[in-house]
1. Report, in whole Å, the centroid distance computed from the Cα atoms of segment 85-140 and segment 31-57.
2. ALA125 label point, 7 Å along Cα→Cβ, cut-off 14 Å on backbone N: hits in segment 61-95?
3. Taking 0.36 nm per residue of sequence separation and subtracting the Cα-Cα distance, how much length would be gained by fully extending the chain between ASN99 and GLU78, in nm to one decimal?
4. What are the ³J(HN,Hα) values, in whole Hz, obtained from phi via the Karplus relation 6.51 cos²θ - 1.76 cosθ + 1.60 with θ = phi - 60°, for each residue of segment 61-74 in sequence order, with x given for Gly and Pro?
5. Indicate the gyration tensor shape class of segment 28-135 (rounded, prolate or oblate), computed on the Cα atoms with a ≥ b ≥ c the square roots of the eigenvalues: a/c under 1.5 is rounded; otherwise a/b larger than b/c is prolate and the rest oblate.
Amino acid sequence: MPPTLRHKSLNGFSVGAAAGIWDIMKNGLYSIHVTLLDGRIGKGSGVILFRDGQILGGDAYLFYTGSYTVKGDTFKGEVLVQRHTTPRDNDNPLFGGPNPVGIGVSGTFTDTRGSMNGTALVGKASQIFGATLHKLADIN
């Protein structure tokens, strides 16, 4: 019997269909609930799709695009957050200025949940956050 095929990228993380069966974050649509850390106050929520190394998502004002890699039950990724709708009145999206915001993320996952931490560079300031992920639907 041949050994299990396992793809390892240069950084040691697996991604997509070539990853070993134990190194796959379940593709799916997740709710995401974000809380600012480091003494800052702010919360946000939306939906986010993890699929074969690609991240897509959004909320009422922002959309997210990016990529991730997986090793065991952990993942790392990069996300670009951009505004699609101007906030109304006193609404203040966490990362939703007029300019795109780059975010580095890392986290852990199970079949139905995940947790994630990240750092967003908003202008010249860093915003550190934590987030919970809850699986809403499977996808192929």
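1. If we compute the Cα centre of each part, the gap is 3 Å.
2. Flagged as within label range: 92-95.
3. Working: separation 21, 0.36 × 21 = 7.56 nm, distance 1.65 nm.
The span from ASN99 to GLU78 would gain 5.9 nm if fully extended.
4. 10, 10, 10, 10, 9, x, 9, 8, 10, 10, 9, x, 9, 10
5. Values: a/c = 1.68, a/b = 1.52, b/c = 1.11.
Judged from the Cα gyration tensor, segment 28-135 comes out prolate (a/c at least 1.5, a/b above b/c).
Every number here is computed from the coordinates shown, using simple stated rules; none is lab data. Keep in mind the model is a prediction, meaning the values are calculated, not measured. We place every Cβ from the backbone using ideal geometry, glycine too, and count neighbours over all the protein chains shown.
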